[in-house]
Amino acid sequence: MVSFIKSVTFDCHDAVVLATFWAAALGSDVDEDSTPEKAFVEPTGWGGPTIWFQQVPEGKTAKNRQHFDLRALDGDIPAEVRRLAALGATVLRDDGGLVVMADPEGNEFCVE
């Protein structure tokens with residue numbers, strides 16, 4: 001028997017705020033039963049894990065050991081970076097073909 005990834009979990013300050021960002025970034029919706037304490041975003045299409053957000057008392061203090069790499073579907077990385085920034089992300093570093101960003105609570109992710 002093997003396991004599969006059911007969900008990817010983010011610790012956060014406000015689960016709805018962070019879920020709203022990631023739902024918009026990934027073209028999905030925040031589950032209607034979400035609260036500031038717990039929220040989740042179902043994957044768009046077929047087969048991906050659910051993204052779960054849970055409120056914790058402490059803030060983020062160090063670099064993520066794990067992160068998402070997002071691919072701009074149309075290949076226009078600058079346009080995708082601008083779109084994500086308009087949703088609340090910030091650019092941390094631009095390495096040319098790879099842009100390191102942070103979501104509204106400081107979780108790093110890359111756009112390639």
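Compared with the dominant principal axis of the Cα atoms in the chain, helix 77-87 is inclined by about 40°.
In which sequence would Asp74, Asp14 go, from the one with the fewest C-beta neighbours within 10 Å to the one with the most?
Ranked by crowding around the Cβ, least crowded first: Asp74, Asp14.
By the count of other C-beta atoms within 10 Å, a proxy for reagent exposure, Val81, Val41, Val2 are ordered fewest to most as Val2, Val81, Val41.
Taking the alpha-carbon distance from Lys60 and a cut-off under 18 Å, which aspartates and glutamates remain once sequence neighbours fewer than 8 residues away in the same chain are dropped? Within reach: Asp11, Asp14, Glu37, Asp103, Glu105, Glu108. About its Cα centre, segment 49-105 has a charge dipole of approximately 140 debye under the convention of +1 per Lys or Arg Cβ and -1 per Asp or Glu Cβ, with nothing else charged.
Between exposed trypsin sites (Lys or Arg not before Pro) in the chain, where DSSP calls loop and at most 11 other Cβ atoms lie within 10 Å, what's the longest gap? Longest run free of exposed loop sites: 7-62. Within the shell of other residues whose beta carbon sits under 14 angstrom from the beta carbon of Pro43, the net charge comes to -2, with Lys and Arg scored +1 and Asp and Glu -1. The local environment of Cys12, defined by Cβ-Cβ distances under 12 Å, has a net charge of -4 under the rule Lys, Arg +1 and Asp, Glu -1.
So what is the 222 nm mean residue ellipticity for the chain from helices alone, if each DSSP H run of at least 4 adds -39500 (n - 2.57) and you divide by all residues, rounding to the nearest 500 deg cm²/dmol? Using -39500 (n - 2.57) per qualifying helix, the result is -6500 deg cm²/dmol. How big is the antiparallel share of DSSP beta bridges in the chain, given as a percent to the nearest 5? Here the antiparallel bridges make up roughly 60 percent for the chain.
Computed from the coordinates by the stated procedures, all read-outs in this text should not be read as laboratory data. All values derive from a computational prediction rather than experimental measurement. Using ideal geometry, Cβ is built from the backbone for each residue, glycine included, and neighbour counts are taken over all protein chains shown.
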